[in-house]
1. Just one of the numbered conditions (1) free of Cβ contacts under 8 Å to residues at least 24 places away in the same chain; (2) within 15 Å of the chain's Cα centre (by Cα) is not true of residue 78; which one?
2. For region 83-106, name all the residues that are in contact (Cβ under 8 Å) with a residue 24 or more places away in the chain, crowded, with 16+ Cβ neighbours inside 10 Å and not in a helix (DSSP H, G or I).
3. For region 107-125, give me each residue that is surrounded by 11 or more Cβ atoms within 10 Å (Cβ to Cβ) and either modelled with pLDDT of 85 or more or assigned to a helix (DSSP H, G or I) (or both).
4. When you look at residue 73, is it closer than 18 Å to residue 119 by Cα, part of a loop (DSSP other than H, G, I, E, B), without any contact (Cβ under 8 Å) to a residue 60 or more places away in the chain and within 12 Å of the chain's Cα centre (by Cα), yes or no?
5. Consider region 1-52. How many of its residues are surrounded by 14 or more Cβ atoms within 10 Å (Cβ to Cβ) and within 17 Å of residue 117 (Cα to Cα)?
6. Only one of these is farther than 26 Å from residue 17 by Cα and touching a helix residue (DSSP H, G or I) at 6+ places or on another chain (Cβ under 9 Å): 43, 65. Name it.
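The values are calculated or read from the model by the stated rules, or taken from the named source; none is laboratory data. What you see is a predicted model, and the numbers here were worked out from it, not measured in a lab. Ideal geometry is used to build each Cβ from the backbone, glycine not excepted, and the neighbour counts take in all protein chains shown.
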């Protein structure tokens, strides 16, 4: 009977850790995607200074996120997003709006992909 309780406690503990990880991933995804979308909107309206500030803010947010998410997510996926986000400020500083928007979109898609891979779905357990 003690083994059954030990297994039950371990299952609850694992479920709690997985849930905390997923909530953390979703929080950083939402915050970063919102910032990137605002940066794209600013760049498209011609406000390059604001777009650059938002790009730097997204980079700072992602650096913080990368440290916390490395516990839950494959490091190579996090690095891809980090590299993509790091390119944004120099791109908009040079006035490359098209490339800036493309990198923002790429970062958003990568973030959504990471989030989808960590969802509680049957496909993710197989």
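1. (1)
2. Listed by number, the list is empty, since nothing qualifies.
3. 107, 108, 109, 110, 111, 112, 113, 114, 115, 116, 117
4. In short, yes.
5. 7
6. 43
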